[in-house]
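Input: a single structure, listed below in structure tokens.
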Amino acid sequence: MNDAPTRQIIEPFRIKVTEPLPFTTRGQREQFLRDAHHNGFLLRGSQVTMDLLTDSGTGAMSAAQWAAMMTGDETYAGSESFFELERVVGELTGMPFVIPTHQGRASEHILFAAAGVTGRTVLANNHFDTTRANVEYLRGRAVDLVIAEGRDPQSTHPFKGNIDLAALERNLKELGDEVLMVLMTVTNNAGGGQPVSLANLRAAASLARACGRPIFLDAARFAENAWLIKEREPGQQNRSALEIAREMFSLVDGFTMSCKKDGLVNIGGLLCLRDPKLAEQARSLLILTEGFPTYGGLAGRDLAALAVGLTEVMDEDYLRYRIASVRYLYNALDKMGMPLMRPAGGHAVYIDARALYPHILPHQLPGVTLANELYLEAGVRAVEIGTLMFGRPDPGGGPDVCAPLELVRLAFPRRTYTQSHVDWLSDILASVFERRALARGYRITRQGEVLRAFTAHLEPLPHSA
Ligand code: F0G
């Protein structure tokens with residue numbers, strides 16, 4: 001992990017517990033993929049050698065977290081593990097009301113329902129797909145206003161997660177009371193794991209305040225965002241990632257968090273608020289759907305592990321290694337000419353499958369092609385973020401309405417794979433890259449009405465298609 005001129009950045013941990021990787025033959029993988037109807041989501045864990053489907057809930061916990069699990073307090077009301085979590089979250093974020101949930105989307109649903117999104121608009125840099133789905137399910141409107149560079153895979157803008165401030169101001173003024181809130185996703189998962197700068201967050205917060213609107217963070221990857229600010233934003237190099245994260249939280253009225261990412265746990269979420277009235281409404285909904293406010297859908301041991309995870313994630317040796325390991329793969333792929341979403345983001349490398357396979361049209365799902373080629377080559381699972389995920393059938397029966405980009409995401413579980421795994425992965429990607437001209441597209445044979453990517457059945461197109 002070579003981003004210092006002289007020294008390699010090594011994994012800042014040694015391994016105490018191991019888990020064997022399943023190895024399979026090409027013949028087995030061909031059969032498994034057929035059984036899964038050529039959709040990686042339908043594969044089983046034991047069929048996957050290196051799983052880069054997501055960085056959500058797939059990381060390794062530390063010895064300290066496992067130790068905390070043993071002393072987690074399973075008291076129904078008033079669990080001591082809750083009070084410890086409340087203390088840690090309060091110190092990190094300054095939020096007075098800390099509401100645990102079982103995962104991020106539960107926090108989103110409760111926030112939008114309690115704040116009353118029906119008939120109103122949320123203005124975001126980019127809504128993550130569950131966030132958008134929750135807004136729309138409650139009959140609100142989700143509007144994405146990321147800067148133009150954020151939609152251009154080639155742009156090397158250091159903060160491609162930034163919101164377009166002019167568009168934000170225009171929308172705030174034109175829509176007035178219809179705007180429920182401004183929401184900033186850090187880092188911007190839907191846009192390639194790209195960070196938001198402090199300057200942009202400060203400016204968005206003051207625009208929102210000037211119009212009397214609250215501003216929230218979707219803070220799933222807040223620590224990676226803080227580290228990328230430290231690395232990339234002028235004037236931030238001498239501050240600690242913790243100071244930067246604290247400033248990010250100080251600028252907003254609250255946040256939702258999927259703790260399965262930067263909480264360094266396998267399950268958990270948070271909804272944190274400053275407004276006591278909104279917190280009361282949220283807690284009422286929490287009791288209805290998740291559980292009592294001192295556990296919110298989690299076991300006491302989960303709360304305990306999360307309190308430790310939120311402390312460990314701010315360790316700068318960890319963050320330096322984390323960002324360097326993603327950049328290490330990015331640099332290796334860039335060197336072989338693989339078309340990538342630029343620059344390297346926080347939690348994943350995104351390959352531009354449309355550019356890799358110019359002979360496969362967007363409605364023939366080039367992202368699915370790449371994901372399946374990777375699986376067949378060596379049992380690596382990645383995820384298509386393109387027309388299968390975000391496109392939809394054409395009402396007139398023509399080719400699908402396509403997504404703006406055909407990307408494949410290689411997401412890195414935290415503290416799970418080592419540099420030699422990444423070297424192996426680079427070799428696999430090099431083989432897939434060499435054979436790119438022979439690859440063929442896919443067509444959908446069966447799909448559901450919502451979130452079709454998770455359940456669709458597919459088949460490869462004949463070579464002449
Ligand atoms: N917000 C962001 C930015 C996310 O990336 C996710 C989940 C959520 C909210 C929802 O959180 O899964 O805990 O309910 N992202 C995962 C992914 C699923 O693979 O990127 P959740």
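Below are the figures for this structure:
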| item | result |
| --- | --- |
| Pairs with Cβ under 7 Å, 6+ apart, first in segment 444-461 and part of a loop (DSSP other than H, G, I, E, B), second of a type in the set (A, V, I, L, M, F, W, C) | Q447/A456; A456/L388; A456/I444 |
| Pairs with Cβ under 9 Å, 6+ apart, first in segment 416-443 and more than 18 Å from G379 (Cα to Cα) and without any contact (Cβ under 8 Å) to a residue 40 or more places away in the chain, second outside any helix (DSSP H, G or I) and not aromatic (F, W, Y) | L438/H463 |
| Neighbours by Cβ (under 7 Å, 6+ apart or cross-chain): first from segment 111-124, in a strand (DSSP E or B); second open to solvent by 10 Å² or more (accessible area, probe 1.4 Å) and among the charged types (D, E, K, R) | T121/R141; T121/E178; A124/D144 |
| Residue in segment 64-75 that is touching a residue at least 24 places away in the same chain (Cβ under 8 Å), away from the ligand (no atom under 16 Å from the Cβ), under 27 Å from G193 (Cβ atoms) and open to solvent by less than 20 Å² (accessible area, probe 1.4 Å) present | yes |
| Residue that is least open to solvent (accessible area, probe 1.4 Å) [pool: residues in segment 421-437 that are over 27 Å from the mean Cα position of the chain (by Cα) and more than 20 Å from G40 (Cβ to Cβ)] | A437 |
| One residue from R322, R354 being at pLDDT 95 or above, under 23 Å from Y417 (Cβ atoms) and in contact with an Asp or Glu (Cβ under 9 Å, 6 or more places away or on another chain) | R322 |
| Any hit, segment 162-174, residues being within 13 Å of the ligand (Cβ to nearest atom) and either buried (at least 17 other Cβ atoms within 10 Å of the Cβ) or not in a helix (DSSP H, G or I) (or both) | no |
| Where H38 falls short, out of the listed (1) away from the ligand (no atom under 16 Å from the Cβ); (2) at negative phi | (2) |
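Residue by residue, here is whether (1) outside the structural domain of R232 (by TED's automatic domain parsing); (2) of a type outside the set (A, V, I, L, M); (3) touching a residue at least 12 places away in the same chain (Cβ under 8 Å) holds:
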{"site": "D152", "(1), (2), (3)": "no, yes, no"}
{"site": "T156", "(1), (2), (3)": "no, yes, yes"}
{"site": "G191", "(1), (2), (3)": "no, yes, yes"}
{"site": "A204", "(1), (2), (3)": "no, no, yes"}
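The values are calculated or read from the model by the stated rules, or taken from the named source; none is laboratory data. Since this is a predicted model, take the numbers as computed values, not measurements. Reconstructed Cβ throughout: ideal geometry from the backbone, glycine too, with neighbour counts over all protein chains shown. Heavy atoms of the whole protein, side chains included, go into the accessibility calculation; ligands, DNA and RNA do not. Shrake-Rupley method; radii C 1.70, N 1.55, O 1.52, S 1.80 Å.
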